[in-house]
Amino acid sequence: MNLLFIGPPGAGKGTQAARVGERLGIPHISTGEMFRHHVAGGTDLGQRVKAIMQKGGYVPDDITVAMLAERLAEPDAAPGFILDGFPRTRPQVEALDRLLAADGLDRVVLFEVEEDALVNRMMSRGRADDTEETIRNRFKIYLEQTAPLVEEYGDRGLLVTVDGIGGVLEVTDRVLKAVGS
Ligand code: ADP
């Protein structure tokens, strides 16, 4: 099963992708997490993206797409995967379409959480890019660049919406139900 989790920053996609991935036996692929690993490891890629991430901007599409393409080619992703945080822009949607070809996405899960709850969650998790200013910038960019993609996947008939407010276990049940598992 090829799944995509989409929603505003702090909506709980990462937490749920890890849990649902384990349940379904497919890897959780988070571009944000991959970038954080590169930054922590001080790789060339990490050095290129560090400042962008600290400001809450999007990493350029060519860098992001190349990294994701390599990850999808790994054998553990052959039976399926959960994408978390990719695609975030139209060019990334087109790149993903090309990468998956006939073997497209089965479902796109939209996490709905209202803004106040999101800010509270993010301020309490203590990640390096979770300062108030960065959070505000990430929201703005999400609304401008990523929210329109939700409509695109809706038009394709792939979209299911999950209420992201509630306990972790409760939300996992909702997601599993939404993807038909
Ligand atoms: P969140 O969902 O809280 O925004 P992520 O871990 O998904 O956190 O992403 C953290 C940061 O990594 C983003 O703010 C951005 O700088 C970078 N990033 C992650 N995925 C992408 C992507 N698909 N395109 C561009 N930048 C990305």
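Each reported figure results from applying straightforward, stated rules to the coordinates on display, with no laboratory input. Source: prediction; values computed, not measured. Backbone-built Cβ (ideal geometry, glycine too); neighbour counts: all protein chains shown.
Under the simplified labelling scheme, the residue 69-residue 163 pair shows an inter-label distance of 4.2 nm, with each label point 7 Å from Cα along Cα→Cβ. Rounded to the nearest 20 debye, the dipole size of the chain about its Cα centre is 320 debye, using +1 on the Cβ of Lys and Arg and -1 on the Cβ of Asp and Glu. Per-residue Karplus couplings for the stretch 79-95, computed as 6.51 cos²θ - 1.76 cosθ + 1.60 with θ equal to phi - 60°, are listed in order as x, x, 6, 10, 8, 10, x, 8, x, 10, 9, 4, x, 5, 4, 5, 5 Hz, Gly and Pro entered as x.
With both residues required to sit in the stretch 1-128, DSSP beta bridges show an antiparallel share near 0%. Putting +1 on Lys and Arg Cβ atoms and -1 on Asp and Glu Cβ atoms, find which of 49, 128, 104 reaches farthest to the positive end of the dipole of the chain. Highest projection toward the positive end goes to 128.
Sorting the segments 71-78, 10-17 by their residues' average number of neighbouring beta-carbon atoms within 10 angstrom, most packed first, yields 10-17, 71-78.
Shape class for the stretch 72-111, computed from the alpha carbon gyration tensor (a ≥ b ≥ c): oblate, with a/c not under 1.5 and a/b at or below b/c.
Is the shape of the stretch 1-137 best called rounded, prolate or oblate, per the rule: a/c under 1.5 gives rounded, else a/b larger than b/c gives prolate, else oblate, with a ≥ b ≥ c the square roots of the Cα gyration tensor eigenvalues? Here the stretch 1-137 falls in the oblate category.
In this structure the amide hydrogen of residue 85, modeled in the peptide plane, comes within under 5 Å of the amide hydrogens of 5, none closer than 5 places in sequence on its chain.
Enumerate the aspartates and glutamates that residue 50 could reach by cross-link, defined here as Cα to Cα under 17 Å, with residues fewer than 8 away along the same chain left out. Counting by Cα, and skipping residues close in sequence, residue 50 has these aspartates and glutamates nearby: 33, 61, 62, 129, 130, 133. Here each label is just a point 7 Å from Cα along the line to Cβ, and for residue 94 and residue 181 those points are 3.2 nm apart.
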